[in-house]
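A.B. asks: Take this structure first; my questions come after.
Read-outs: derived from the displayed coordinates by stated rules, not from any lab. All figures in this text were calculated on a predicted structure; none of them were measured in a lab. Methodologically, a virtual Cβ is constructed for each residue, glycine included, from the backbone with ideal geometry; neighbour enumeration extends over all protein chains shown.
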Amino acid sequence: MENKEKKELTEKEAIDLLHELNEDMLPKKFGIIGNAWTTLLFIIFITGIYCYTNQIRNGLSITGMRDFVFWGIYISNFVFFVAISLVGSLITAVLYLLKVEWRAPLSRISEVIAVSAIVFAGLIIIVDMGRPDRMVNMALHGRIQSPIIWDVMVVSTYMTLSFLLLYFPLLPGIAFCRDRLKGIPKWQHKMYQILSLGWKYSPEQYAIVRKAITILSVIIIPVALCIHTVTSWLFASTYRPGWDSTNFGAYFVSGAFLVGSGGVVAGMYILRKFNPSYKKYLTDMHFDKMGKLLALLALVYAYFSINEYLIPAYKMKGEEASHLNELFTGYYAPMFWSVQFFGMILPIIVLLFNKGRKPLPMFIMAIFVIVGAWFKRYLIVIPSMSFLPVQEIPEEWKHYSPTFQEWAITGGSLAGALLLITLFVRFFPIISVWEVAEEKGVSHDIIYEHLHEGNEK
Amino acid sequence: MENEDNKADRRKFLKFGVLAAGLTVAGGGLQKVLSEEKDSGKKVKVLTTDGQVVEVDDAHLKAIHSHCKPATPAESREGIPGKKFVMVIDLSRCAHELKCQHTCQKYHHLSGMNVWLKVFKMQEGENTAPYWMPKPCMHCDKPPCVKVCPVSATFKREDGIVLVDNTRCIGCRFCMAACPYSTRSFNWEEPEYLHETVGKEYSPETGFPQKKGTVEKCDFCPDMLKQGKLPHCVTACPNGVFFMGDLNEDTVSNGSETVRFSKLMKEKGGYRLNEILGTEPSVYYLPPVKRLFPFQDVKISEANEHQKERKSTK
């Protein structure tokens, strides 16, 4: 409906719309629920850090990992973080370059998810290292032949690009907070002052930002494909059944887009819930479009999943067979089938219906997709280590179950990422005013001239 | 314990002559030098370094161990020039006595549950006969572990030996994921027997002292090979299961028999594990045919018992 009104905006209407947007997007103080949520995340995060100090002291023996299953939830959680961070490139870059207009209010949400996820991906992989104190060895003795070095390079590149892709379009927003937010603590004002880089709303500055976004959008797409493909190669470059697959890159990337879009949908719903003025910008239309996108991505993921599981299952080759039997009918079967059903099949079915693409059912499907994706990565990482000769090792090493401290550290990292997102929402406009104004048909000239104005001038 | 050590030394000394044919003597080892004791009247024939047999009085001889300085991590990367070490494991002789494993644990001062040399009960299919299979590191010519190591902490030397430098390892465990033979162990906690190795200088050629948060594995005992001696598992095995030697010289020895490698392969049908993977292991197996011992099943957890005993006597 909004699309129809577009070209008919008069100058007055356009300016009013801009003012209204500006007011709505000013970050506001949290209510009780917001503060409770932040505190909860902070406590979980601190608990994780405390347990990590234990791990530094006592070694990785505080985890459930041993020689037999030597990679655990740290690694599967790392894969999860890398996966969900891919959505930044999908919504901000791919949809931007395709000139999909409804993506404007979603781009910053997806970019915040991307940045915080990739930051914690980097941190959790350090947590998994036996000797984090020797990280510098990767620079001193790095071997380009090792997929780990490729991963370090692409993840840090992606982190930088994602950060810039979040930061550049945010500059006018920060400047607006600097100029318009009254009655805020001194440090907060100072923060806006520094971060806004002397933004003065000039057309030249906008032109530079626009150009930067286009360049970054083009660059970030191949890098995004690289991060998750290389992450899949950490597994696919070994001989282990379940990992030894040429399908892994595409399989990982398709799953990543799915979980990331799920993350954006969940974010949209929660933002609407706690700030009703966002409803004007995150409309049912946006949920409908995201629902269709999510259904498409789930179908693509289903396609690669079929390739990944059914063809090896058709052959049932020795070791591969014992791995698949564990997944299909064995120890991991309940988790495997729930993840397939709730994380992929059910969302496809629900999202095919108009009623399924309303905010609430979408939110529920998004949560299924996200939780399913986390456990899916558990199923990708852990069972592949449980087939080799199980002899001469203590009974307790044969089955991996994460210890409490391991859960606490992993939970801490998830809470940390959510905390970053939450703090961002608290201090910065989560929807890009000028991009949404453009989407709604406000001309560039009006934006340049009036973006810095609020209602209360 | 003391007696056993002496016996082992004597056995090693006796085998030394045999070995000298197959392996280079790179200095060190057990030497006898003249001491200033009074004559005992008992004469002993010895061979001098320039090949002459001379007779000296027994009392003038004194056994000393020449301690080779352990190779530094940088030196350990070199390897012994001109060598290509191979191991042959004769499955028809293994009776699962685990002497190889115990001596390996002892000489490498391995702590905790980390066992470098495992002996698996193998049974390929439902109707095939079970047998015991000792499994050291395969020291592959195309080692997947070396390929994936991000910091070159694990490396292959020019003599074909694959080692780990635990002063460089970052503990990512990618090598453990890559190894199709599962030969690697990780130090999940602070190693328990550090006191045995206190003050000892670390060398990738001996693998101790172990370090928390690093990977380790069977090293083919390059410190022994350097001295022209056989690895500990080879000399410890009472049944002569293990043969060690140089592919370039086409000779392998288990201490009492020294044989042509190619002939052994030809006559006994030698093979390597998982040849299909293309890793080209340096460990060859001889099939369990015409066995010296009937297969007797024992509880596989003996290695753990051994470890627990060590823990309790500490």
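A.B. asks: Against the longest principal axis of chain A, how steep is helix A:186-195, in degrees 0 to 90 to the nearest 10, with axes from Cα atoms?
C.D. replies: 80 degrees
A.B. asks: Taking the Cα-to-Cβ direction at A:VAL94 and at A:SER443 and moving 7 Å from each Cα, how far apart do the two end points lie in nm?
C.D. replies: 3.5 nm
A.B. asks: Let me ask another. Please give the FRET efficiency for A:SER277 paired with A:LYS398, using the beta carbon to beta carbon distance and R0 = 60 Å, rounded to the nearest 0.05.
C.D. replies: Details: r = 55 Å, r/R0 = 0.92.
The value I calculate is 0.60.
A.B. asks: Restricting to DSSP H runs of at least four residues, report the calculated mean residue ellipticity at 222 nm for the protein assembly as shown, -39500 (n - 2.57) per run over all residues, nearest 500 deg cm²/dmol.
C.D. replies: -16000 deg cm²/dmol
A.B. asks: Please order B:LEU230, A:LEU171 by the number of other Cβ within 10 Å, starting at the fewest.
C.D. replies: A:LEU171, B:LEU230
A.B. asks: Which part of the range B:275-299 falls in the paramagnetic zone of B:SER262, meaning amide N under 18 Å from the point 7 Å along Cα-to-beta-carbon?
C.D. replies: B:284
A.B. asks: May I pose another question? Quick one: what are the phi-derived ³J(HN,Hα) couplings along the range A:304-314, Karplus 6.51/-1.76/1.60 with θ = phi - 60°, whole Hz, x for glycine and proline?
C.D. replies: Whole-Hz 3J(HN,Hα) from phi for the range A:304-314: 6, 5, 4, 4, 6, 9, 6, 5, x, 5, 5.
A.B. asks: Follow-up question, since we're still on this one. Could you check what % of the DSSP bridge pairs in the protein assembly as shown are antiparallel, to the nearest 5?
C.D. replies: 90 percent
A.B. asks: Let me have the relative contact order for the range A:7-145, percent, based on Cα pairs under 8 Å that are six or more residues apart. Display every interim value, and only then the final one.
C.D. replies: Values: 65 pairs, mean separation 30.6, N = 139.
Dividing the mean separation by the residue count of the range A:7-145 yields 22 percent.
A.B. asks: Another one. Run through the range A:4-56 and list the trypsin sites (Lys or Arg not before Pro) located in a DSSP loop whose Cβ has at most 10 other Cβ atoms within 10 Å.
C.D. replies: On the way: sites: A:LYS4, A:LYS6, A:LYS7, A:LYS12, A:LYS28, A:LYS29; in loops: A:LYS28, A:LYS29.
Loop-located and lightly packed - A:LYS29.
A.B. asks: Based on the Cα atoms of the protein assembly as shown, what semi-axes does the equivalent ellipsoid have, where each is the square root of 5 times one gyration tensor eigenvalue, given in whole Å with the largest first?
C.D. replies: Values for the protein assembly as shown, descending: 65, 27, 21 Å.
A.B. asks: What is the spin-label model distance, in nm, from A:TYR331 to A:GLN193 if the labels are put 7 Å beyond Cα along the C-beta direction?
C.D. replies: Label-label distance for A:TYR331 and A:GLN193, simple model: 6.0 nm.
A.B. asks: What spacing in nm lies between the two simple spin-label points modelled at A:LEU310 and A:ASN58, each 7 Å away from Cα in the Cβ direction?
C.D. replies: Roughly 4.7 nm, to one decimal.
A.B. asks: Then there's this: How tilted is helix A:104-128 with respect to the longest principal axis of chain A? Cα atoms for both, answer in degrees (0 to 90, nearest 10).
C.D. replies: Rounded to the nearest ten degrees, it is 30.
A.B. asks: Within a 10 angstrom radius of the beta carbon, how do B:MET176, A:MET365, A:MET191 rank from fewest other beta carbons to most?
C.D. replies: Ranked by crowding around the Cβ, least crowded first: A:MET191, B:MET176, A:MET365.
A.B. asks: Same structure, new question: Please list, by residue number, everything in the range B:143-162 whose backbone N is under 16 Å from a paramagnetic label point 7 Å out along Cα→Cβ of B:ASP250.
C.D. replies: Counting only backbone N, you get no residues.
A.B. asks: Positive end of the charge dipole of the protein assembly as shown (Lys, Arg +1 and Asp, Glu -1 on Cβ, about the Cα centre): tell me which of A:GLY356, A:ALA321, A:PHE342 has its Cα farthest that way.
C.D. replies: Checked the options; the winner is A:GLY356.
A.B. asks: From Cα pairs below 8 angstrom and at least 6 apart in sequence, can you work out the relative contact order of chain A, rounded to a whole percent?
C.D. replies: Value for chain A: 35 percent.
A.B. asks: Could you line up A:HIS450, A:HIS228 from fewest to most neighbouring Cβ atoms inside 10 Å?
C.D. replies: A:HIS450, A:HIS228
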